[in-house]
Amino acid sequence: MSDGLVSLVGAGPGSVDLLTLRGKDRIEKADVIVYDRLVNPELLDLARPDAQRIDVGKSAHHHPVKQREINDLLARLAKEGKRVVRLKSGDPFVFGRGGEEREYLKAQGVEVEVVPGITSAIAGPAAVGIPVTHRDYASSFHVIAGHRKREGHELDWDNIAHMEGTLVFLMGMESLGRIVENLVANGMPATTPVAVIQWATRADQRAVGGDLATIEQQVEQAGLGAPALIVVGGVASLLDA
Ligand SMILES: C[S@@+](CC[C@H](N)C(=O)[O-])C[C@H]1O[C@@H](n2cnc3c(N)ncnc32)[C@H](O)[C@@H]1O
């Protein structure tokens, strides 16, 4: 095993001061920062001036650096003895492929640690006044990847539409119509409250609220797009307008 280390660091949902103290420590000490598209660029200012910064940002249709190449890059840098920060938005294990990177690095004999981050799935709704488990409305919450159809698997909509908890869809903006359609087709009332929050916790945060019947129109009128969270359930009615 080399002396290098890869820290899979959660950058938090967007606002710089929602990074953890441990995450800040790892960024300050890093020789190299390998970061994603949604990471707030201001976080890179915490790194040493001589630290290398590598953008491997991925957007919905555009994958500048393939996952396999990212894995190899991280392993190579650590084997050179470097302290590597793999900086991911939110929490590295919530739809961040941190799990795959950790497995790969371990298999390569590279030391790897995980620095959890505040996930947008909870902090995003909270930033607009939505408590995902307010006891008057929900006793659970479910975080769902909204784009799964494109990846070739369909979600179990019957099951999802009958869950009693709050639903939080990530990566769902391009599929908003399909999400609404499937929930209603599987028995969820069209009057169920929905909130959509874009760039949560950042200076340019925007949000709209409505219900399953109206949300698409509201989103279109407001001109909201990715990255955003779609919150479905009674708690969405608590959105601070
Ligand atoms: C690949 S997932 C990564 C999630 C991240 N690991 C987390 O825990 O927040 C990217 C999706 O997270 C959501 N997301 C992340 N940051 C966001 C933010 N500040 N505002 C709204 N949505 C955000 C969006 O749905 C976006 O498409």
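The values are calculated or read from the model by the stated rules, or taken from the named source; none is laboratory data. Just so it is clear, the structure is predicted and the values come from calculations on it, not from any experiment. Reconstructed Cβ throughout: ideal geometry from the backbone, glycine too, with neighbour counts over all protein chains shown.
Filtered by the rule that a residue be within 25 Å of PRO227 (Cβ to Cβ) and more than 12 Å from the ligand (Cβ to nearest atom), region 87-109 gives GLU100, GLU101, ARG102.
Can you list the strands (runs of 3 or more DSSP E) found entirely within region 4-56 that contain at least 3 residues being within 17 Å of GLY90 (Cβ to Cβ)? Break it down stepwise before answering.
Values: elements: 5-10, 32-35, 52-55.
Filter on region 4-56 gives 5-10, 32-35.
The single condition from (1) in the same structural domain as ARG76 (by TED's automatic domain parsing); (2) surrounded by fewer than 15 Cβ atoms within 10 Å (Cβ to Cβ); (3) in contact (Cβ under 8 Å) with a residue 60 or more places away in the chain that LEU105 fails is (2).
Before we move on, is ARG135 modelled with pLDDT under 95, surrounded by fewer than 18 Cβ atoms within 10 Å (Cβ to Cβ) and either farther than 18 Å from GLY14 by Cα or not charged (D, E, K, R) (or both)? So ARG135 fails the test.
Restricting attention to region 213-233, does a residue exist that is part of a strand (DSSP E or B), of a type in the set (Asp, Glu), assigned by TED's automatic domain parsing to the domain that holds ASP136 and at negative phi? For region 213-233, residues part of a strand (DSSP E or B), of a type in the set (Asp, Glu), assigned by TED's automatic domain parsing to the domain that holds ASP136 and at negative phi: absent. Whenever a residue of region 218-230 is more than 13 Å from the ligand (Cβ to nearest atom), its partners that are of a type in the set (D, E, K, R), lying with C-beta atoms within less than 9 angstrom and at least six residues away or across chains, give the pairs ALA222/ARG206; GLY223/ARG206. Hey, does region 177-188 have a residue that's crowded, with 17+ Cβ neighbours inside 10 Å and assigned to a loop (DSSP other than H, G, I, E, B)? Checked against the condition, which is being crowded, with 17+ Cβ neighbours inside 10 Å and assigned to a loop (DSSP other than H, G, I, E, B), region 177-188 yields at least one hit. Number of residues in region 68-77 that are among the small types (Gly, Ala, Ser) and either within 18 Å of GLY23 (Cα to Cα) or part of a loop (DSSP other than H, G, I, E, B) (or both): the value is 0. Scanning region 110-129 for residues that are touching a Ser or Thr at 6+ places or on another chain (Cβ under 6 Å), within 11 Å of the ligand (Cβ to nearest atom) and not in a helix (DSSP H, G or I) yields no hits at all. Filtered by the rule that a residue be under 11 Å from ILE215 (Cβ atoms) and either small (Gly, Ala, Ser) or within 14 Å of the ligand (Cβ to nearest atom) (or both), region 174-193 gives LEU176, GLY177, ILE179, ALA190. Any chance region 74-91 includes a residue that's closer than 26 Å to GLN198 by Cα, surrounded by fewer than 20 Cβ atoms within 10 Å (Cβ to Cβ) and free of Cβ contacts under 8 Å to residues at least 40 places away in the same chain? No, region 74-91 has no match at all. Among the residues making up region 9-31, those that are crowded, with 22+ Cβ neighbours inside 10 Å and either among the β-branched types (Val, Ile, Thr) or outside the structural domain of GLY81 (by TED's automatic domain parsing) (or both) are VAL9, ILE27. Looking only at region 195-217, residues that are of a type outside the set (Val, Ile, Thr) and either within 16 Å of the ligand (Cβ to nearest atom) or surrounded by 24 or more Cβ atoms within 10 Å (Cβ to Cβ) (or both) come to 11 in all.
Kindly indicate whether any position in region 168-185 is on the phi > 0 side of the Ramachandran plot and in contact with a Lys or Arg (Cβ under 8 Å, 6 or more places away or on another chain). No - not one qualifying residue is present in region 168-185.
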